[in-house]
Amino acid sequence: MGPQDEFTLEQLRTLLSPQRYAHSLGVSAVAGELAKRYGAPVEKAQLAGLLHDCGKSQSKNILLNRVLEFGIVMDEVERCETGLLHGPVSAKLAQEMFGVEDEDILAAIYYHTTGRAHMSLLEKIIYLADYLEPQRSFPGVDELRELAKEDLAAALVQAMDLTLIRVIERGLLIHPRTVAARNWLLE
Ligand SMILES: [Fe+2]
Ligand SMILES: [Fe+2]
């Protein structure tokens, strides 16, 4: 199964709102471009981008049901910030529903909401593509898009910093994996 597979696209369309489906296509395209630039497998990046939010349902109940169904163990932060769970749930759905077995693709989907220390190239690409896809607009987005073409790690740190600022402003919990990812990138 490849990213352009008609069946994959149709399946995904039934899972997501039109807006999130369009977002997923955008992430897939940007991930493919970054993969080309940084020497990662392009098709893997496109597929990971396409499926990264496949478990992001509009309903919290459906999300939590899938967490139970898949036997995903929530940590303390995920218990409070249940939105973070769409990473692990999407990875499981990518495996069960879309037949993805590639560990790197599954990890890129699993960790796209938080990042983690020792992220693979593909994980970095998906995190950043999610942040920079064409529908995203925030002050500085064009500069960050340019930086992503020149220095993947620097762009990633900046994306994480902006995410952390948002999380703090909204009074939410910070996931320790994001702190670990940022420290690792800065070291
Ligand atoms: Fe997501
Ligand atoms: Fe996303």
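The values are calculated or read from the model by the stated rules, or taken from the named source; none is laboratory data. As the structure is a prediction and not an experimental result, all values here were calculated from the model. All Cβ positions, glycine included, derive from the backbone under ideal geometry; neighbour counts span all protein chains shown.
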Review point. Which residue, of K149, K124, is touching a residue at least 24 places away in the same chain (Cβ under 8 Å), away from ligand 1 (no atom under 16 Å from the Cβ) and among the charged types (D, E, K, R)?
Key: K149
Review point. Going by the structure shown, is L68 surrounded by 16 or more Cβ atoms within 10 Å (Cβ to Cβ) and hydrophobic (A, V, I, L, M, F, W, C)?
Key: no
Check your understanding: Counting only residues that are surrounded by fewer than 20 Cβ atoms within 10 Å (Cβ to Cβ) and touching a residue at least 24 places away in the same chain (Cβ under 8 Å), which one in the range 76-89 is nearest to ligand 2 (Cβ to nearest atom)?
Key -> G83
Check your understanding: Among the residues of the range 90-143, which ones are within 13 Å of Q158 (Cβ to Cβ), within 16 Å of ligand 2 (Cβ to nearest atom), at pLDDT 95 or above and surrounded by fewer than 21 Cβ atoms within 10 Å (Cβ to Cβ)?
Key -> V141
Revision key, fill the gap. A careful count of residues in the range 10-21 that are touching a residue at least 24 places away in the same chain (Cβ under 8 Å) and away from ligand 1 (no atom under 14 Å from the Cβ) gives 1
Exercise for review: Go through the range 44-75 and give me each residue that's more than 16 Å from ligand 2 (Cβ to nearest atom), within 19 Å of M97 (Cβ to Cβ) and assigned to a helix (DSSP H, G or I).
Suggested key: K44, N61, I62, L64, N65, R66, V67, L68, E69
